[in-house]
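Down below is the structure, laid out as structure tokens.
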Amino acid sequence: MIKVENLTKFFGAKHAVDGVSFAVERGEVLGFLGPNGAGKSTTMRMITGFILPTGGTVTVGGFDMQEQPIPAKRLIGYLPENAPAYTDMTVHGFLSFAAEIRGLQGEARKKAVAHVVETCFLGSVLHQSVDTLSKGYRHRTCFAQSIIHDPDILVLDEPTDGLDPNQKHEIRTLIRNMGQKKAIIFSTHILEEVDAACTRAIIIDRGKIVANGTPAELRQKSEFAGAVTLRVKGVASSAVSAKLYQVPLVKRVSVVDDRDGHVTVRVFPKGSANGELARAIGEAAHGWQIELLQSEEGRLDDVFRSITMPDTAKEVAQ
Amino acid sequence: MNPWRNIWTIAKRELGAYFTSPVAYVFIVIFLLLCGFFTFFVGGFFERGEASLGQPFFDWHPWFYLFLVPAVGMRLWADERRVGTLELLLTMPVTPWQAIFGKFLASWLFLGLALLFTFPVVLTANYLGHPDNGVIFAAYVGSWLMAGAYLAISCITSAITRSQVVSFILSLVVCLFLILAGYPPVINFLEQFASGGWVDMITSFSVMTHFGGFQKGVLDSRDILFFLSVIGFSLFTTSVILRTYRAG
Ligand SMILES: Nc1ncnc2c1ncn2[C@@H]1O[C@H](COP(=O)(O)OP(=O)(O)OP(=O)(O)O)[C@@H](O)[C@H]1O
Ligand SMILES: [Mg+2]
């Protein structure tokens, strides 16, 4: 439903987005990750037609955003970064306006407003001025605006920013459920959200896509993926290392923690010997007092860091 | 979808915004106080002994508008940019032109409303004598068109910046130019330096020159066209500025 081809944006000499291409189909929820200033918001602004690209094309539901902006925009619901809303209106007035400009009238409009008020838990602030809303409520109001016309495509720039943990959970669940029938792109800095809501994730760094895959695939890229963590009590760390290096599958043993007689080590396998490694270590550790023995799946923030940090380090060095 | 419905939806929102903030009430009260004060005291309405509104009332309008219209127009786009709602508005299924015209229309209607509230002046004139109400009507039309021209210029300056103050000052300067280009003392001054042709060209850009006809009760199509083309040109410029802004 969304097709982005070779999208490029210069702000003066600054290359904010550099040849980004991807597609999102109905039924997909695409997580958009990347460090601050990577170009996530800029990309989303070009997809929704607010910013004009320097190069490349955006096609939404078959409509080219530059050539046929109106039918394209009709398909999209958009939550901009920082959730702007007209401060001189009440929540109800603002949502009615959003519904009306989306072409909903009369009963349909009332229904749509009532529906999003319920979905986004806005009942208690319905007649309050947007001006005086707390940050989280303003965010929810703007989110409500984006789904009011039940769009096929949702573009959400940090939809859970500023929400309390309960609301974060609600919104994630909502995104995941809506994702079954819609094409959704959302950006976030919270990596658990990728697991909680996304079918696929893209990591973007300095305007370029540096990783693209399902959350499981991305986790595989972690250097810890396939490693085994072991914690034992009452054995010296040198003894633990020495013994584990004798296991044929083991490539490297690193001591993570050694305190008060508790030793934690992370063991990396040769090649990919996932389940095997844990069993082999279990056998080698026979007779020790094992407190923890766990295969690592790899964590997204490790992947995120290892993909985006080397570049940052280089930048600092320059 | 019907473009007028989009325009009207945007205009309605904008009008609502005027009346939920104190701007509208402050504006109307100040405008009426100014009108009353200048017409009856400074303009010497009673002393004239004639029930004509031409000079004591309408003469002041270009000067009132100089301050009041930029104050109404300054927030139109500047605020939209500052708060970030511009991003919402321009990603809705409306063309930039519909948004520009809708917002302009709302403010213009608002100015028209303020102008209508000056009706007690007309009633007073009719009570005291027998003014030519046709002339008064024409002058009202001219006054509203002139307000629209100022307002459209404020749209441009408001789209240039996210600061309302900068917008206010810029449009005040431009509107002042449009007044002074036809202000008799300035014309006299110019005539000492420039040939008649140049002076005529400069004065033809002035709102004073074109408003003068309306004050005499003449609805000249050239004067109407002048104001409408200032509005059209300014709104077009606004759309160019917004596009430049979106191009980054
Ligand atoms: N209007 C603009 N003019 C100039 N530079 C801009 C403009 N908008 C964005 N940039 C620059 O483009 C780059 C990408 O910004 P963008 O807002 O897309 O980052 P982001 O990935 O959304 O970051 P964050 O996680 O902080 O929201 C940044 O370096 C930013 O300074
Ligand atoms: Mg951003």
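The values are calculated or read from the model by the stated rules, or taken from the named source; none is laboratory data. All of these numbers come straight from a predicted model, not from anything done at the bench. Here Cβ is always computed from backbone atoms with ideal geometry, including for glycine, and neighbour counts include all displayed protein chains. Side chains included, ligands, DNA and RNA excluded: accessible areas come from the protein's heavy atoms. Shrake-Rupley method; radii C 1.70, N 1.55, O 1.52, S 1.80 Å.
Computed quantities for the displayed model
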read-out	value
Charge dipole (segment A:228-296, unit charges on Cβ, about Cα centre) - positive-most of A:235, A:268, A:293	A:268
Residues in segment B:127-169 that a label on residue B:243 would reach, taking backbone N under 18 Å of a point 7 Å out along Cα→Cβ	B:156-157, B:159-160
Kirkwood hydrodynamic radius over Cα pairs of segment A:228-296, then Stokes diffusion coefficient at 10 °C and 1.306 mPa s, in µm²/s	136
Sparse-neighbour loop sites [chymotrypsin sites (Phe, Trp or Tyr not before Pro); segment B:176-248; at most 11 other C-beta within 10 Å; DSSP]	B:193
Heavy-atom accessible area order for A:200, B:13, largest first, 1.4 Å probe	A:200, B:13
Dmax and Rg, reported as Rg then Dmax, of chain A (C-alpha, Å)	24.3, 77
Inter-site label distance for residue B:41 and residue B:222 at 7 Å from Cα along Cβ, in nm	4.0
Highest average packing first - A:68-77, A:216-225, Cβ atoms within 10 Å	A:68-77, A:216-225
DSSP H segments from chain B that extend 27 Å or more along their own axis, Cα-based, with Kyte-Doolittle mean of -1.0 or above	B:96-116, B:133-160, B:221-247
MRE, 222 nm, helices only [DSSP H, n ≥ 4, -39500 (n - 2.57), over chain A, to nearest 500]	-11000 deg cm²/dmol
Added length on full extension, which subtracts the Cα-Cα distance from 0.36 nm per residue, residue B:130 to residue B:193	18.3 nm
Distance in nm between pseudo-label sites at residue B:200 and residue A:297 (7 Å out along the Cβ direction from Cα)	8.5
Nearest-ten-degree value, helix A:106-119 long axis tilted from longest Cα axis of chain A	20
For segment A:157-233: Kirkwood Rh in Å [reciprocal of mean 1/r, alpha carbons]	14.3
Segment A:1-89: C-alpha gyration tensor shape, a/c 1.5 cut-off, then a/b vs b/c	rounded
Dipole magnitude (debye, nearest 20) for the protein assembly as shown, charges at Cβ of Lys, Arg, Asp, Glu	1020
Distance between modelled label sites at residue A:5 and residue B:122, nm, 7 Å Cα→Cβ extension	6.0
Binned Cα-Cα distances of segment A:165-318, short to long, each 5 Å bin given as a whole percent	2, 8, 15, 15, 13, 13, 12, 11, 8, 4, 1, 0
Exercise: per-residue mean of other protein chain Cβ atoms within 10 Å, A:69-81	3
Bins of 5 Å, starting at 0 and running to the largest distance - Cα pair percent for segment B:3-247	1, 6, 13, 17, 18, 15, 13, 8, 5, 3, 1, 0
Unit charges on C-beta of K, R, D, E only; dipole of chain B, Debye	940
At R0 = 56 Å, FRET efficiency that the Cβ-Cβ distance of residue A:283 and residue A:189 yields, to 0.05	0.85
Folded to 0 to 90 degrees: helix A:300-317 orientation relative to chain A principal axis, Cα	90
Degrees separating the helix A:91-101 axis from the principal Cα axis of chain A, which is the longest one	70
Exposure of residue B:25 as accessible area (Å², to 10), given a probe of 1.4 Å and all protein chains	120
FRET efficiency, 1/(1 + (r/R0)^6) with R0 22 Å, evaluated for residue B:12 and residue A:108 via beta carbons	0.80
Residue-averaged beta-carbon neighbours from other chains (10 angstrom radius) around B:74-87	3
Residue B:117 accessible area, 1.4 Å probe, all protein chains in place, Å² to nearest 10	90
Cα gyration tensor, the protein assembly as shown - rounded (a/c under 1.5), prolate or oblate	prolate
Computed FRET value (nearest 0.05) for residue A:66 with residue A:129, which takes r as the C-beta separation and R₀ as 30 Å	0.25
Surface per residue (accessible, 1.4 Å probe) for chain A, Å²	45
Per-bin percent of Cα-Cα distances, segment A:43-183 [5 Å]	2, 10, 19, 22, 21, 15, 8, 3, 0, 0
Cα shape, segment B:120-248, gyration tensor, a/c 1.5 rule	oblate
Net lengthening on full extension, residue A:166/residue A:26 (0.36 nm per residue, minus Cα-Cα)	47.7 nm
